[in-house]
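To keep things clear, I will list the structure first and then write my remarks on it.
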Amino acid sequence: MVALARSRRAFPQNAEISAFEADVLAGLSATPKRLPPKYFYDAVGSRLFERITLLPEYYPTRCEMQILREHGADIAHRVAEGAALVEFGSGSSKKARILLRALPSLTAYVPVDICGEMIEQEARELRPDFPGLNVLPVTADITKPFPLPPSAQAAPVRVGFFPGSTIGNFEPHEAAAFLRNAGRILGSGATLIVGVDLVKPTEVLNAAYNDAAGVTARFNLNLLARINRELGGTFNLDAFEHHAFYNRERHRIEMHLASLKRQKVKVAGETIEFRAGETIHTENSYKYSVESLGALARGASWRPAAVWTDARKYFSIQAFTLMG
Ligand code: AVI
């Protein structure tokens, strides 16, 4: 997916390596140090993320699947006859499958992801299960403008689907920019269905990002391992520690990698110095209320239309209609 791409490619191409190198060197030279979360998702990181979704503490994926199963028919009522369903950052299409079963009259399903190989493969697996459905994968960065296939453009209306609370990994201004871009791509009359994690007791949030089995810690530390693998980095993974905590003021989980000692690390020929306790900020995962996401969406020309949640109100699926 996109800027937050879950790329399963084992061998990145040269352009990707140089963007990676430039972003890593810029982030590690900044104060405070940071690394973009989109780089979590190499082949190893994507596998670790799949494991995170199965952890007992990590409730979002289970809650969202449950909402889709319980309210799929109701959600499908928001999708007009003959619509084209456009999934932003589709990854494995696992969640879309539940919706597709409830939507027999779609013109097309358009999974969009930056990892072309992955969505082409998913499309091949989807077609035999949905024989009448036109599956039209598009390789694109969902944070930028991109054209839809002609048959999706010709459909009477387009419906966007953005599950997984990936919107929470954007900074709020980036989330607003994403929503505006989605509105331009989907066009007039569009509906957007977004899966978003909700604010909840701090203990539940902290546990979800500090699992007992240490998978999230490995996912976070894999960023340093990836720098070692691809940029000739010399990070000693035992000299850094996973830190994740809920920042109540900013309504977000923050993930950091903390240096356990004063140390120097080489990356792409540059020397990076760390103080003991200094951290690299690797991810924010914003938690919204129905109202706060509604306000953000309104500011980006989307009118709140419906909300579905699980019984504990841990997670939500929210529908919006494009204004004007
Ligand atoms: C992909 N994204 C919605 C996950 C999240 O919860 O923010 C990424 C993640 N980071 C640590 N655990 C899961």
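The values are calculated or read from the model by the stated rules, or taken from the named source; none is laboratory data. What you are looking at is a predicted structure, and each value in this text was computed from that prediction instead of being measured. Cβ atoms come from the backbone with ideal geometry, glycine included; neighbour counts cover every protein chain shown. What goes into the accessible areas is simple: the full protein's heavy atoms, side chains included, and nothing from ligands, DNA or RNA. Shrake-Rupley method; radii C 1.70, N 1.55, O 1.52, S 1.80 Å.
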Global geometry of segment 145-287, whether rounded, prolate or oblate, following the gyration tensor of its Cα atoms and the 1.5 cut on a/c:
prolate
So how much slack lies between S301 and E81, counting 0.36 nm per residue of separation and subtracting their Cα-Cα distance, in nm?
76.9 nm
In deg cm²/dmol, rounded to the nearest 500, the helical mean residue ellipticity at 222 nm of the chain, built from -39500 (n - 2.57) for every DSSP H run of length 4 or more, is -11000 deg cm²/dmol
For the chain, compute Rg over Rh where Rg is the Cα radius of gyration and Rh is the Kirkwood radius from the inverse mean 1/r over Cα pairs.
0.97
Using only alpha carbon pairs under 8 Å that are at least six residues apart, calculate the relative contact order of the chain and give it in whole percent.
20 percent
Two-decimal Rg/Rh across segment 21-69, once Rg and the Kirkwood Rh are taken from alpha-carbon atoms:
1.18
Once amide hydrogens are built 1.01 Å from N within the peptide plane, the residues lying 5 or more places from N134 or on another chain with amide H under 5 Å from its amide H are Y109
Rounded to the nearest 10 Å², what accessible area does K266 show when all protein chains are kept and the probe is 1.4 Å?
100 Å²
What size of dipole, in debye to the nearest 20, comes out for segment 185-324 about its Cα centre when the only charges are +1 on Lys and Arg C-beta atoms and -1 on Asp and Glu C-beta atoms?
120 debye
Listed by chain and number, the residues whose amide H is under 5 Å from that of G160, excluding neighbours fewer than 5 places away on the same chain and using placed H, are V86, T191, L192, I193
Where does helix 172-186 land angle-wise versus the long Cα axis of the chain, in degrees 0 to 90, nearest 10?
30 degrees
Shape call, segment 44-107: gyration tensor on alpha carbons, a/c limit 1.5
oblate
Relative contact order %, segment 71-117, counting alpha carbon pairs below 8 Å whose residues are six or more apart
50 percent
What ranking of S316, S301 comes out by heavy-atom accessible area, probe 1.4 Å, highest first?
S301, S316
How far is it, in nm, from the label point at Q121 to the one at R62 when both lie 7 Å from their Cα along the line to the Cβ?
2.7 nm
Estimated vicinal HN-Hα couplings, Hz - segment 78-93 in sequence order (Karplus 6.51, -1.76, 1.60; Gly, Pro = x):
7, 9, 5, 3, x, 5, 9, 9, 10, 9, 8, x, 5, x, 8, 6
Quick check: pseudo-label points 7 Å beyond the Cα along Cα→Cβ at Q153 and R248, how many nm apart are they?
5.2 nm
Ranking N247, S292, T234 by how far each Cα lies towards the positive end of the charge dipole of segment 166-314 (+1 on Lys and Arg Cβ, -1 on Asp and Glu Cβ), the top one is S292
Ranked from the most accessible area to the least, with a 1.4 Å probe and all protein chains present, what is the order of E81, E21?
E81, E21
For Y109 the rounded accessible area (nearest 10 Å², probe 1.4 Å, non-protein molecules ignored) is 0 Å²
Stretch R312-A177 to full length: gain in nm at 0.36 nm per residue minus the Cα-Cα span?
45.6 nm
So which of K94/K144; K261/K313; K38/K261; K33/K200 end up more than 31 Å apart by C-alpha?
K261/K313
Could you work out how much longer the chain between K144 and A26 gets when fully extended? Use 0.36 nm per residue separation minus the Cα distance between them, nm to one decimal.
40.3 nm
At a Förster distance of 22 Å, what's the computed FRET efficiency of A212 paired with R69, Cβ-Cβ distance as r, to 0.05?
0.20
Might you report the magnitude of the Cβ-based charge dipole of the chain about its Cα centre, with Lys and Arg at +1 and Asp and Glu at -1, to the nearest 20 debye?
240 debye
Ranked highest first by the average count of other Cβ atoms within 10 Å around their residues, in what order do 55-68, 228-241, 122-135 fall?
55-68, 228-241, 122-135
Note, segment 218-223: 3J(HN,Hα) by Karplus (6.51, -1.76, 1.60, θ = phi - 60°), whole Hz, Gly/Pro = x, goes 5, 4, 5, 5, 4, 4
Report ³J(HN,Hα) in whole Hz for each residue of segment 123-129, in order, from the Karplus equation J = 6.51 cos²θ - 1.76 cosθ + 1.60 where θ = phi - 60°; Gly and Pro get x.
4, 4, 6, 6, 4, x, 7
Check: segment 124-194 dipole with +1 on Lys, Arg Cβ and -1 on Asp, Glu Cβ, in debye:
220 debye
Roughly how many Å² of R275 are accessible to a 1.4 Å probe, to the nearest 10?
150 Å²
